[in-house]
Structure formats: structure tokens, C-alpha cells
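Reviewing the structure listed below.
The values are calculated or read from the model by the stated rules, or taken from the named source; none is laboratory data. Source: prediction; values computed, not measured. Ideal geometry is used to build each Cβ from the backbone, glycine not excepted, and the neighbour counts take in all protein chains shown.
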Amino acid sequence: MSTVVLLAVNAKYVHSSLSVWVLAAGVKKYARSPHDVRVVEATINQHIDHMADSVAEHAPDVVGISSYIWNAGLLPELLRLLRKRLPGAVFILGGPEASYNADYWLDCGADHVLCGEGERSLPVLLDALVDNETLVPAESVDPDDPVDPYSDLYFSALNGRISYLETSRGCPFRCAFCLSADSGVRFFPLDIVKEQIRKLSLSGTHTIKFVDRTFNCNADRAFELFEFILGLDSACCFHFEAAADLFDERTLSLLASVPPGRIQFEIGLQSFHEPALNASFRQTDLEKAERNILTLLQAQNIHVHIDLIAGLPYETLSDFQQGFNRAYLLGAHTLQLGFLKLLHGSVLRKQADELGVEYRPEPPYEIKSSPWLSEDDLYILKQTENALQHTYNKSRFITTLEYVLSVSGLSPFSLMNALGTAALNHGTQLEDYISQVYDFCAGLPGVDSNTLRDHIIYDWLCMVKGKNIPAFLKNRDKQYAPIIEEVQKLLGRKIRRDECAVLSSGKGIYVDSNDRDPVTGLYRVHFLE
């Protein structure tokens, strides 16, 4: 019997790995020879020596590692360390980073690289290693009989972290920047999927993320699963990647009835510039997508995340600004400004020289320049992304941004870019950053300093619990004792001094720190009459 360690190196501790547990289940189901498979999960924030220790302590005969753009940078050094500590072990790499770049990883010290669906190919390879047999091609996964990764060991290791679930494999679309392009979709049986959803909802996890590339590509199937989730007695949040233009009226009507916080959608618009979408083989009915996003947001019960990609072919800085403004004004809870990554195996990477696109050679292979975006243009976008990420996307200064946009005459992109230039946030403490935001906004045309201060106080109470309002915002000539007394009567409990404030008008304002919006994550703020 061989001892096999499957190592996942996650981006954060709160994340869990689905892939290694699927591989473990595949070995159990399909291997002819017995193998003692052990799963080890680490994070990129751990010291690499500790990571190697956690693998070596099992004295494995075989080590399998899942590779992704977030962990690929540290894997060559990890392989070197493990080879020192486990001189007789066999090292296998899989995952998208290895599968499309096998020669590089073989040069880095891997003995074998798996391509394709690992739950079938890994057991074939392990059997061949044990029995000294010639490798034979592995069969494809039968969508009617998928492996079940959700063992007792899985649930024990999950320990409340984010869990992941796959209900289909592949994608019907051909996006040139994606590795799932035009792979076709295989759907797993609904009865199996529902049982897995039920088990995960009872596991203690707070969030279940579906890894389906386009969850709602089959409208009837998506409706049935949404309906099933709606009927669960669960406090879990269910997160889906979806195409906004594929929602039908029946599904939108159902989603309007979902309890607040039960569902999140990540919607990849990517661009509003038609030539960029066409060059990327991206098919989106943009007008219908906008209408459906507005419909989803109208009920105020679902968190909606929108993605844009900067750097797609034929999209200039001016084009992107227009699309950014259009996306921002939809009012989604998160507007992710990402940058084109030329992934191994993607069509755009193969076309990079022809298109004149330059990108960084190390993961995540981010664009450096193109005929449509210069390095200076990308720097402007990076400044904009910095401000967006530290304000709007963290639900910070939401009413402040609305107020400033309403009076300054600035577009959302212009505001974010100017803020990113004036107050670059790289590890700045929130108390310091809020001062920079105030100073920047106070200097904009049309902005009244008292009104600005009131909005920032409101936003501070919404987003922060247990921290006093920064000194420069306090209204020192106002009496707080009567306000605290009145709030305590209203809430029926004692409150801390940091739970209330006085606005420039003298009106009291307070936060109910026991009442948090399940969709936005913000605390509810009230005014005293």
C-alpha cells in the first residue's frame, strides 16, 4: 500500500479546497490497488518550511499538489524542499497551472504532470506506480456517476470555512481569456446535487460557493436548485457565478422572494465595449444584462458582485472609463476592476504576440501593455482600482460617495481615479485613511464641509463596530449625555459612547450594533427626532 499526500495551498485560511478531496474520492472509487490517501491543506501565508513539514511528517511515497495562479510562485521552492526531505518520493502536479505548462513543472522537479480530470487520471497513475505498469489513458468522468468528496474527514477538516460545490463541469461559452472556453457542459444528477447541498448546509459552514462556470446556463435546472435552496432551513449563504442576461422572468420572480443574505451572485460583465467582447468571443446581451441586474438589486435581498476586466483587445482607456461609469451606476454591491491575465492554455495567450499584448512572465501573468492600453494607462487604472477596493468594494463611505458624485460633477471613474491619486492606500490604518478621504472630498467643487462630515459620520457608524469616531469628526460643542440616554431608552440596553454621534445640525444619530444588514454587512443607523 502506498501512502499518498494530496496538498492544497489555498489563498486564505477561510478558503477550503475542493480539488484535493475530489482527488481523494476518485482514488477511493477507481483505484485497483489500495492507497492510503491523506489530505493536507495549507495557505500561501504560511512559511514554506512549515508547509513542507506538514507534508513530510506523513512520510509519503507520493505527493500530489494542486497548482493555481495564486500558489504557483511558491511551488518550485516547495518542490525543492520536499525533494530534500523526501528523497524517495514521487511528485505529481495537477491543476490549471501545471496542466497547461507541463514542461516547466517537470524541469522544476515534478515527476509527473496530470492533465484533464484528476479523479480519473490520478488513480490510474498511482496504480501504475505501485504495479510497475505502463500508463494507459484515463477515462473521462461520467457525469451520471460523479465522485462524492464530502466524506466525514472532509467535514472534520472544513471546520466552518467556506465550502465549495460543483454541480456541473465545463462551460458552453468560448471566452478567449478563460480556460473553460468551449469545453461543453456536463451536468451532475440533481438528486446527488441536492443531497450534497443539504449536507453542506448542515456542516457549520457559513458560505457555500458553487464553482460552476455559468450556473444559470440551463435556466430550468437553475430554477429547480434555487427553489430547493429556498426551501432549506439554513442560515448559509449560497454564492453563484452567473450570466445576468440568462436569467428568465420566472427565475427573477423566485429570486425576489429569497430571504435577505441567502444568495450572492458574481456576474462577469467583463466589458461594455462591443469590439472587446467580440475579440474575446464573449457573448452577452448587455441591455438585458443591465435590466436583470437592476431587477436583482431592486428587492434588496441579494448581494450582487459585478466583474470588469481591463486590458481586453480593442478597449482603450476612454472606452473602459465609459464602461466603468455604466457599471458603477447600476448600483451593485461590489464592482471588481480586474486586469487581464494571459493564462497558460487560453486563446488570448496564444494570440498575445499577434495582438501586440505584453504581459508579466510570472503568475498571474497580468497584462503590462497593449496597442490599446499603455503602461501609463494601466497605472491610472491601478490607482482607480486602489480607491475602489478600499471604499466602495468594502462598503465604506457609501453615502459619502453618493453625495460627492451628486454635487461635484465628477463621473464615478474620475472620482475614483482622483481619490486613488490623492490617497493611495497600501496598508494605511482606517483612521488615517478616513482623514485622507475627508480632506480630498472637502476640496472638490460643490462639496459642503458640514454635509460631507455628516455623511462620513453616518458611514463610519455603518461600517465600524467598537471604535470611536476619529477626533477630527467629533462635534465637540454638543452634549452627548442626553443622546446616549435617549438611545438607551429606545434600545432597552446600555450603549457605548462610540455607538452614537451628533451631526452638524445638532441632531443625534446612533447605530444599533446588534442589527446588521445581511446583504451589505453594514450596521443599521438611525436618526433621533
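Brief remarks follow.
- Just one of the listed residues (Leu348, Leu378, Leu335) is under 21 Å from Glu402 (Cα atoms) and not in a loop (DSSP other than H, G, I, E, B), and it is Leu335.
- Scope the stretch 130-155; condition modelled with pLDDT under 95 and either of a type in the set (A, V, I, L, M, F, W, C) or over 26 Å from Ile192 (Cα atoms) (or both); matching residues: Val130, Asp131, Asn132, Glu133, Thr134, Leu135, Val136, Pro137, Ala138, Val141
Listed here are the residues, each with its yes/no results for (1) in contact with a Lys or Arg (Cβ under 7 Å, 6 or more places away or on another chain); (2) under 23 Å from Ile69 (Cβ atoms); (3) among the aliphatic types (A, V, I, L, M); (4) crowded, with 19+ Cβ neighbours inside 10 Å.
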{"site": "Ile192", "(1), (2), (3), (4)": "no, no, yes, no"}
{"site": "Ile197", "(1), (2), (3), (4)": "no, no, yes, yes"}
{"site": "Gly204", "(1), (2), (3), (4)": "no, no, no, no"}
{"site": "Asp212", "(1), (2), (3), (4)": "no, yes, no, yes"}
{"site": "Cys217", "(1), (2), (3), (4)": "no, no, no, yes"}
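Each row is one residue, and each column tells you yes or no for (1) more than 28 Å from Pro143 (Cβ to Cβ); (2) out of contact with any Pro (no Cβ under 9 Å at 6 or more places or on another chain); (3) of a type in the set (Lys, Arg); (4) touching a residue at least 40 places away in the same chain (Cβ under 8 Å).
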{"site": "Val5", "(1), (2), (3), (4)": "yes, no, no, yes"}
{"site": "Val20", "(1), (2), (3), (4)": "no, no, no, yes"}
{"site": "Ala72", "(1), (2), (3), (4)": "yes, no, no, yes"}
{"site": "Lys84", "(1), (2), (3), (4)": "yes, yes, yes, no"}
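- For the stretch 452-483, a residue qualifies if it is surrounded by 18 or more Cβ atoms within 10 Å (Cβ to Cβ) and more than 28 Å from Ser408 (Cβ to Cβ), and exactly one does: Ile483.
- Test: residue in the stretch 289-304 that is touching a Gly at 6+ places or on another chain (Cβ under 7 Å) and on the phi < 0 side of the Ramachandran plot: yes
- Candidate set from the stretch 131-172 (those that are assigned to a loop (DSSP other than H, G, I, E, B) and among the charged types (D, E, K, R)); member that is surrounded by the most Cβ atoms within 10 Å (Cβ to Cβ): Arg161
- Residue tally, condition surrounded by fewer than 20 Cβ atoms within 10 Å (Cβ to Cβ) and either over 23 Å from Pro34 (Cβ atoms) or aromatic (Phe, Trp, Tyr) (or both), over the stretch 104-130: 7
- Taking every residue in the stretch 418-436 that is under 13 Å from Lys382 (Cα atoms) and among the β-branched types (Val, Ile, Thr) and pairing it with any residue that is at pLDDT 90 or above and surrounded by 15 or more Cβ atoms within 10 Å (Cβ to Cβ), at least 6 positions away or on another chain, the pairs with Cβ-Cβ distances below 7 Å are Thr421/Gln383.
- Condition check for Ala176: in contact (Cβ under 8 Å) with a residue 12 or more places away in the chain, in a loop (DSSP other than H, G, I, E, B), under 25 Å from His305 (Cβ atoms) and out of contact with any His (no Cβ under 7 Å at 6 or more places or on another chain): yes
- Taking (1) in contact (Cβ under 8 Å) with a residue 40 or more places away in the chain; (2) surrounded by fewer than 17 Cβ atoms within 10 Å (Cβ to Cβ) in turn, Glu274 satisfies each apart from (1).
- One residue from His305, His344 being in contact with a strand residue (DSSP E or B) (Cβ under 9 Å, 6 or more places away or on another chain) and either of a type outside the set (Phe, Trp, Tyr) or touching a residue at least 40 places away in the same chain (Cβ under 8 Å) (or both): His305
- Hits in the stretch 295-329 (condition: part of a loop (DSSP other than H, G, I, E, B) and closer than 30 Å to Trp70 by Cα): Ile302, Gly311, Leu312, Pro313, Tyr314, Glu315, Thr316
- Cβ-Cβ under 7 Å pairs, at least 6 apart or on other chains, the stretch 312-324 side over 15 Å from Glu385 (Cα atoms), far side surrounded by fewer than 18 Cβ atoms within 10 Å (Cβ to Cβ): Pro313/Leu355; Tyr314/Pro275
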